[in-house]
Structures are given as C-alpha cells and as structure tokens.
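Shown next, in structure tokens, is the structure this report addresses.
The values are calculated or read from the model by the stated rules, or taken from the named source; none is laboratory data. These figures come from a predicted structure and were not determined experimentally. Note that each Cβ is placed from the backbone with ideal geometry, even for glycine, and that neighbours are counted across all protein chains shown.
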Amino acid sequence: MTTLQRRAIQGGALAAIALAGVAEISDPSRQWYAVLVGIVPGFSFILAGLFAWSLRPRNRAGLLMIGVGVGLLAGDAALRDRVGQVSTPVELVLDIVSPLWAVMLIHLLLAFPGGRLVSRLDRDVVRSFYAVVPFAALLAVVAGYPVLGQISQPVFDIKVPAAGGIYAACLVIGSVLVIRRWFLGGRARRRSMSPVFWPMIPITVFFLLSTAAVLRGSVTVLATVFPLFLVALPIGILIGLLRSGLDMSSVGDLVVKLSGGLAPEQLQPALAHALHDPSLEVAYWLPEQEWFADLEGKRIDLPAADSERAVSILGDPSSPIAALVYDSSLVEEEQLVDTAAAAVHMALQNAGLQVQLRAQLEEVRQSRARLVEAADHERQRVERDLHDGAQQQLVTLLSSLQVTKKEAVKYSDLETAKLVDANIAELKEALHELRELARGIHPTILTQAGLVPAIRSLSERCPIPVEITGELGDARLAPPVEAALYFVVSEAITNAVRHSKGRSMCVSLRRRSGLAIIEVSDDGVGGADLSIGSGLRGLTDRVAAVGGRLVVKSDKARGTTIRAEVPCA
Amino acid sequence: MRVIVADDSVLFREGLVRLLSDAGFEVVGQASNADQLDGLIESENPSLVIVDVRMPPTQTDEGLVAAKRIRRQYPEVGVLMLSQYVESHHALDLLSQSPDRVGYLLKDRFADVNEFIDAVHRVGRGGSAVDPLVVSQLLGRKRSRDLIEDLTGRERSVLSLMAEGRSNDAIAWALKISPKTLEAHIGTIYSKLGLEPAGADHRRVLAVLNYLRSS
C-alpha cells in the first residue's frame, strides 16, 4: 500500500468522524445521549483502528476496525438525514454499504489478532457475507425500510423479513464461527483471542436483552444505550496490541536463559514458554536424510500450511537449521516468533548438530542389529541344511548298513558283517561329531524351548558343575535377545572351562525393569579381559547390537563374572 | 502291532518301515507332516506312532507339538519321538505329561537294531524308552554335591537302565544278575540318593530323571 493510499484512508476516516460529528451536533432535535450513542461507537473504532494501524501497518486488524467505525457512522440516523437532504443516490449507497460494519466486525473477530483469516471455512463464510449482506440491505431499501445498518435497530425489528432473515443468519453464523475458533484453539489461540472474546460476551448479553425489550414494545434505556457497550471491543483490541509488546519481554527472558546456557532438550520448553504456546515443537534439519527430526533423531513431517499448525523455517530455506511448528494463531504474532527464533538461532544450530549425530548413531545401531540378525538367520539356515541334508543322509545310510549287515549274517558272510559293523561304528562317530558341530552353529533347543532349557542343556554337557538360578521361567524373549544371551553364556562357560581353573560356575537369570540380566560367574583365577581375546569382544558387539551392554569383572580373588543386560519389552 | 511312521524324509521313512516290518510290526501308514499323521491316526487306529521332532513347515518342533497333542487326544496310542538331537528338556516334557507309552530316542539308535526294536516294543506295550544319551548326559552331569559318586559301578549301570525305562527283568538279564540281587541294588540306590521308592518299571523313570536333572 502506498503512502498516498494510506493517507487517503486515514483522511477518509477522519472525515467520516467530522461529518458524523457535525451532523449530530447540528441537529437540534437530538437528545445529548442520542448524540453520544450515535457517534461514540464509530469514533472509538476509528480512533483505535488508526492507532492500531500505525502501530502494526502490516496487520489488517487496524483497517478492519476503521471499516467497522466508518460503517457504524454511516448508519447513524442524523448523518443519513443530512445526507438525504443533499443527495438521494449517496444516501442509497450509504444504506447499502453501512450494514457491512457487522460483517467487518465478524471478520475482525475471526482474524484477530493478525487480521488474516487462517481457516478456509472462515475465509469462505466471510467472503459470502460480504456479498450477501449488501444484497439484504438492497432488499430492505427496495421495500422502503432502509434501516438495516443501524446498530440501535434490533435485527428482529427489521420490517422486511427476507432482509432481516439474511442479516440475522449472518450474525448467528458469524458468532458460531467465533465461538468455534475459541473452543477449537489451543492455549495460545485463546490467549491471543481473549481481548476480543471476553468483551463479546457482555455485548452479546446486552444485545439480546435490548432486543427482547424492543420486541416487548418498550424501548428501554438499556436498548437505547446498548451501542455504547461496543466500545469495549476497541479497548480490548488496544489492550491486546499492547500486550504483544509485553510478550516481547518474555523473549527477553529467553535471551537471559540462553546466556546461562540451555541444554538442547530445554530449548523447546523455553521457546514454548516465550511464545505462550505449549504445543510448540522444534524440528531439526538432517542434511543427510533431508528431513526434519526431533531431538531423538526421529523423523518429523512438517504439517501442511493452512492447517491448524503453522511452520517457520529458520535459516537458509535450501539448507535450513530447524523449523518451528506452532499453533497457527501465532502466525499473527509474526514479529514475536521472528524475534524468539533469532534469539535461539545459535542454540538451535548446536542442538541440530547433536540431533544429526544421534540420527547417525541410531542408523549405525540399526544396521548393526540387522547384521547380527542376518548372521543369526544364516547360522539357523546352515544348521537346518545340515539337519535336513548331511545328518539325515547319514542316518539313512546307517539304516541301510543295518540291512546290509543283516543280509550278510543271513548268508553267513561273517567277514562282511564284521566290516559293515566297523563302518557302522565309524558312521556313528561321524554323526556324533556332526551333531556337536550343528549344535554349536545354532542350538535348536533355543528356538524350540527357549533360553532357560538351552542353558540347562549347555550346563548338562559342561565338565564342571553349573548352577542355574533365577526367575526367568518359561517366558520367551525376542529371538535376537535369546540368541545374544545364549551365546554369552555359551562363550562364558567355554572360557571358564578352558582358562579359569575354577571348580564350579553359576548362571543367574533375572528380569528387572525392562531388562533381562544374565550373570555367569566362576570361582577360578580370573584374568578375563574384554580388550584381549576376540571371543569376549565379539560378545560385547553382539549384546550391543540388541541394545544391551556387557560387563566383565575378573580378578584373582573372586574369579570372573560376565554380566549382560539387554532390554526386553 | 499297528504302527504309523511320520518323518518328512522318504528315504528315512522307508528304511524305518523295512526295519519295523522285518521285526514283525505292521506299518499301517506313513506321514510326511503333522496333518497327515492326524488323519492316519483317526482312520488307522494304531497302537504306536513314531514321529520325527522336526517336520514341515517350520522344521522346528512340529513333531513335538503333534506328539503332545496325540498323547492328550489318544491316550491309548503310544508315541515314540525320534530326533537328531536329544535334550533332557524334551524328555521330561514328554514324560511329565504321563510316563506311559512314550519314548524319546536319537535317530542313530538304528545302529543297534535289537536295542531299537526293544524300545519300540516297550513303548508299544505301555512302557517308556529314554535315549541312553539323555541318561548318560544327566548321569555324567557335574554337580557340586554329588551323591551319584557314592554309587558303585554296578549301581550306576542299574540306575541308567532304570532311567532308560527298562523293566527289572530286562535289567537283570542285561547285567546278568538275579532279580533278587537287582532288587537289593535298587534299594541301595534309593537310600543312597535319598529317593522315595517309586513303582516298578517305567513309573520310576520320571522320578529318576527328575532327580538327575535337578540335583
């Protein structure tokens, strides 16, 4: 908008005040209170609107207030009488245009405090009001009762039913939308709407009371002075604008907090507090993945514009630092959001780097888990192949050797029978070795019966006594967790038998606060070390792959204890 | 005796069927999965089924699950489980449901035809058969306070044969001792281990195995 246009609007608004003032004062038949009722609401809207507009030139709220004020004045009886004496066409225009003040008021209430209609429904409805209300006014004019726009004229008293009906419908629908906006909005929305919402309640009550009075046929003082209550609205709006100034001081608090050093996880609450929007979220940009994520590195999809949420991208849009996602009512506090965002810029950049790191770690963790899982599957597959292939074939061969031996005996060929017997013995030995090999690759008892039976099976074949304690029971854990814990016990037992010189071992299994805890201890000479020996090292990796940790304590006095803790849901 | 054989390997099944037929069993059906087995039991009314632990589709424990179900649904049908591995867990799992008409053997037991046929007979006639490997593993298990070590060699042999599910006559015959001597041995074993004397033959299998596994 050019300066000239601006000056023209400002001048026009002031001219409207002057004209209405002159018209009212110069009418000797008017009582002093009628003069007040006629001009005060319009004056208050125009003056507050001019002030708001100069304070926030980009905000359309000021313009709308000026519009409401001018509309109110245009409907003023004294002004219209005076205009009517001068020019009938001008009066006609005023009759048709002046009712628009009510539409502009609804527009203002739906758009406050930003002056922009955010929801599509609001936009469509307000647009249709702008078309329909002048039409209703035209109907009234044609019917000979050009009084639609007068505020002191209750809608139910309008003599043309069609015009009155349309006008009343607009007022009702508009009110419903305003109430809906209040109830659907979050805390931030209600906070920003409160300067106009609360004044609307007494205004509506007085409006209904005065309407009832007029309908009863008694024009009371209440009905007469009702328009004066409208002054509450411009006052509320001015308070709202001044409060936005106060909000800036909460950004000041934010800056003070930042100078004290804010941890990344404190940033979001601090921003939410400064912007009075508890629903505010900070989304960090991950340049590698090219998506936004929260502090944990979990992906966040930014909401589409024009919804209930609004988004501000911080930094260069092609490689942003972060995005703020907040209640759309804050859109109207653009300056506040920008200031707060500028204040936390550096802190967000740091936090963003941390998020990137966490996301990378998460990816590595997942790929490691996948690797281990793939290896487990491969082990199972190999074991199955041995079982269904070599082992099965050897057992079948065993049965046919039995048949051969029988035949040989039948034909008294004892020499051959003896040879076959030797073959059978060798085959049994081979089967035994193959079985132990397959069991080492993947113990089927683990998939068939679970961790505890599998560990018992290990202990039964262990050359030193193994005591098993604990309360894991028959509960099954996730297969990767069971496999990790099984191999921990298996490796620990093997190590103890080979190196510890201990005389007994103890395996304890527990479940505590979402963790499966397994402890394998021996009474040997210690000396186990995570940093040497690929066995223990491999176990650490295996346990870490399922999100757990492995601790090895080993000393001469107390032997070796290997403890694994793995999360189990 | 009417027998059904369930194993997903045709070759193995055929070897087994031949062995059983030669020993005088009547093989009335062959199944390659648990569903077929169920149908055959319904139609053929067998005295005994011989089931592989692992069968299709998952090749994990279908046979085991089927065996347990058969024992619940058809208590008069004997079940002999065969497996490439033997685990004390599965043995006790099967026996603790009921120690009658149940056996659990390593597939390699073929190698000793007579032993194998003897086990099949035992299960078919209502007794039990536990693989010697399960028993020897449990018996050889190292314990912190080992009462087993107090047993003499002869007593240990008696204990393992008891745990395998053999009858007193069979044990006496196998060890070439008189039934009287055997009963004396058994009495000593019970008192040395602190076991309550449990009924004869297979009834004591569970008690002995449980003792060996938990002590």
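Whether a residue is under 18 Å from the mean Cα position of the chain (by Cα) and under 24 Å from residue B:167 (Cβ atoms) was assessed, and residue B:82 passes this test.
Screening residue A:503 against (1) among the charged types (D, E, K, R); (2) within 30 Å of residue A:385 (Cα to Cα); (3) within 14 Å of chain B (Cβ to nearest Cβ) leaves a single unmet condition, (2). The residues listed here are A:68, A:35, A:22; of these, the one that is in the same structural domain as residue A:110 (by TED's automatic domain parsing) and closer than 21 Å to residue A:196 by Cα is A:68.
Identify, from the list A:460, A:471, the residue that is modelled with pLDDT under 90, facing chain B (nearest Cβ under 7 Å) and touching a strand residue (DSSP E or B) at 6+ places or on another chain (Cβ under 9 Å).
Numbers: A:471 fails: facing chain B (nearest Cβ under 7 Å).
The unique qualifying residue is A:460.
Checking the stated criteria, residue A:443 turns out not to satisfy the condition of being more than 11 Å from chain B (Cβ to nearest Cβ) and in contact (Cβ under 8 Å) with a residue 24 or more places away in the chain.
Of all residues being within 14 Å of another protein chain (Cβ to nearest Cβ) and acidic (Asp, Glu) in segment B:61-80, which is surrounded by the most Cβ atoms within 10 Å (Cβ to Cβ)? Just the residue, please. I'd like the intermediate steps shown before the answer.
First pass over segment B:61-80, keeping only residues within 14 Å of another protein chain (Cβ to nearest Cβ): B:61-68.
Those still in the list that are acidic (Asp, Glu) too: B:61-62.
Working: B:61: 20, B:62: 22.
Ranking the candidates gives B:62 first.
Picking from residues in segment B:85-124 that are surrounded by fewer than 21 Cβ atoms within 10 Å (Cβ to Cβ) and of a type in the set (S, T, N, Q), the one that is farthest from the other protein chains (Cβ to nearest Cβ) is B:98.
When the residues of segment A:364-391 are filtered to those that are within 11 Å of another protein chain (Cβ to nearest Cβ) and of a type in the set (A, V, I, L, M, F, W, C), the one that is nearest to the chain's Cα centre (by Cα) is A:386.
Note on segment A:492-513: residues that are touching a helix residue (DSSP H, G or I) at 6+ places or on another chain (Cβ under 7 Å) and modelled with pLDDT under 90 total 2.
Screening residue A:431 against (1) of a type outside the set (Val, Ile, Thr); (2) surrounded by 20 or more Cβ atoms within 10 Å (Cβ to Cβ); (3) more than 7 Å from every other protein chain (Cβ to nearest Cβ) leaves a single unmet condition, (3).
Of all residues in segment B:33-52, which are over 21 Å from the mean Cα position of the chain (by Cα) and of a type in the set (A, V, I, L, M)? Within segment B:33-52, just B:40 meets the criteria. Could you give me the residue pairs with C-beta distances under 7 Å whose first residue belongs to segment A:39-57 and is over 17 Å from residue A:104 (Cβ atoms) and assigned by TED's automatic domain parsing to the domain that holds residue A:14, whose second residue is of a type in the set (Asp, Glu) and crowded, with 24+ Cβ neighbours inside 10 Å wherever it lies, and which are 6+ apart or on separate chains? The qualifying pairs are A:39/A:76.
Considering only residues of segment A:409-419 that are among the aliphatic types (A, V, I, L, M) and within 13 Å of chain B (Cβ to nearest Cβ), which is surrounded by the fewest Cβ atoms within 10 Å (Cβ to Cβ)?
Kept after step one, since they are among the aliphatic types (A, V, I, L, M), are these residues of segment A:409-419: A:409, A:414, A:417, A:419.
Cutting the leftovers down to within 13 Å of chain B (Cβ to nearest Cβ) gives us A:409, A:417.
Numbers: A:409: 13, A:417: 18.
Among those that are among the aliphatic types (A, V, I, L, M) and within 13 Å of chain B (Cβ to nearest Cβ), it is A:409.
Picking from residues in segment A:477-500 that are within 14 Å of another protein chain (Cβ to nearest Cβ), farther than 18 Å from residue A:377 by Cα and without any contact (Cβ under 8 Å) to a residue 40 or more places away in the chain, the one that is nearest to the chain's Cα centre (by Cα) is A:493.
With modelled with pLDDT under 85, within 46 Å of the chain's Cα centre (by Cα) and surrounded by fewer than 17 Cβ atoms within 10 Å (Cβ to Cβ) as the only criterion, which of A:115, A:165, A:149 stands out? Give the derivation first.
Values: A:115 fails: surrounded by fewer than 17 Cβ atoms within 10 Å (Cβ to Cβ); A:149 fails: surrounded by fewer than 17 Cβ atoms within 10 Å (Cβ to Cβ).
Among A:115, A:165, A:149, only A:165 is modelled with pLDDT under 85, within 46 Å of the chain's Cα centre (by Cα) and surrounded by fewer than 17 Cβ atoms within 10 Å (Cβ to Cβ).
Contact map, segment A:258-278: first residue more than 17 Å from residue A:352 (Cβ to Cβ) and in the same structural domain as residue A:324 (by TED's automatic domain parsing), second residue of a type in the set (Asp, Glu) and buried (at least 17 other Cβ atoms within 10 Å of the Cβ), Cβ cut-off under 6 Å, separation 6 or more or different chains; pairs are A:277/A:327.
Residues in segment B:20-60 that are closer than 21 Å to residue B:113 by Cβ and part of a helix (DSSP H, G or I) were compared, and the one that is nearest to the other protein chains (Cβ to nearest Cβ) is B:22.
Determine whether residue A:126 is of a type outside the set (S, T, N, Q), part of a helix (DSSP H, G or I), in contact (Cβ under 8 Å) with a residue 12 or more places away in the chain and not assigned by TED's automatic domain parsing to the domain that holds residue A:310.
Spelling it out, residue A:126 is indeed of a type outside the set (S, T, N, Q), part of a helix (DSSP H, G or I), in contact (Cβ under 8 Å) with a residue 12 or more places away in the chain and not assigned by TED's automatic domain parsing to the domain that holds residue A:310.
Going through (1) surrounded by 14 or more Cβ atoms within 10 Å (Cβ to Cβ); (2) in contact (Cβ under 8 Å) with a residue 12 or more places away in the chain; (3) over 24 Å from residue A:547 (Cα atoms) one by one, residue A:313 falls short only on (2).
Looking at (1) part of a loop (DSSP other than H, G, I, E, B); (2) more than 18 Å from the chain's Cα centre (by Cα); (3) farther than 21 Å from residue A:345 by Cβ, can you tell me which one residue A:316 breaks? Result: residue A:316 fails condition (3) only. Of A:353, A:336, all but one fail to be outside the structural domain of residue A:478 (by TED's automatic domain parsing), within 22 Å of the chain's Cα centre (by Cα), modelled with pLDDT of 85 or more and among the aliphatic types (A, V, I, L, M); the exception is A:353.
Regarding segment B:9-19, can at least one residue be identified that is part of a helix (DSSP H, G or I), surrounded by fewer than 17 Cβ atoms within 10 Å (Cβ to Cβ), small (Gly, Ala, Ser) and within 14 Å of chain A (Cβ to nearest Cβ)? No: segment B:9-19 contains no residue that is part of a helix (DSSP H, G or I), surrounded by fewer than 17 Cβ atoms within 10 Å (Cβ to Cβ), small (Gly, Ala, Ser) and within 14 Å of chain A (Cβ to nearest Cβ).
Residues that are of a type in the set (A, V, I, L, M) and closer than 27 Å to residue A:370 by Cβ number at least 3 in the following strands (runs of 3 or more DSSP E) confined to segment A:462-569: A:515-522, A:549-555, A:559-567.
Taking the condition part of a helix (DSSP H, G or I), of a type outside the set (S, T, N, Q), modelled with pLDDT under 85 and farther than 22 Å from residue A:200 by Cβ, does residue A:37 pass? Break it down stepwise before answering.
Values: part of a helix (DSSP H, G or I): yes; of a type outside the set (S, T, N, Q): yes; modelled with pLDDT under 85: yes; farther than 22 Å from residue A:200 by Cβ: no.
Criteria not met by residue A:37.
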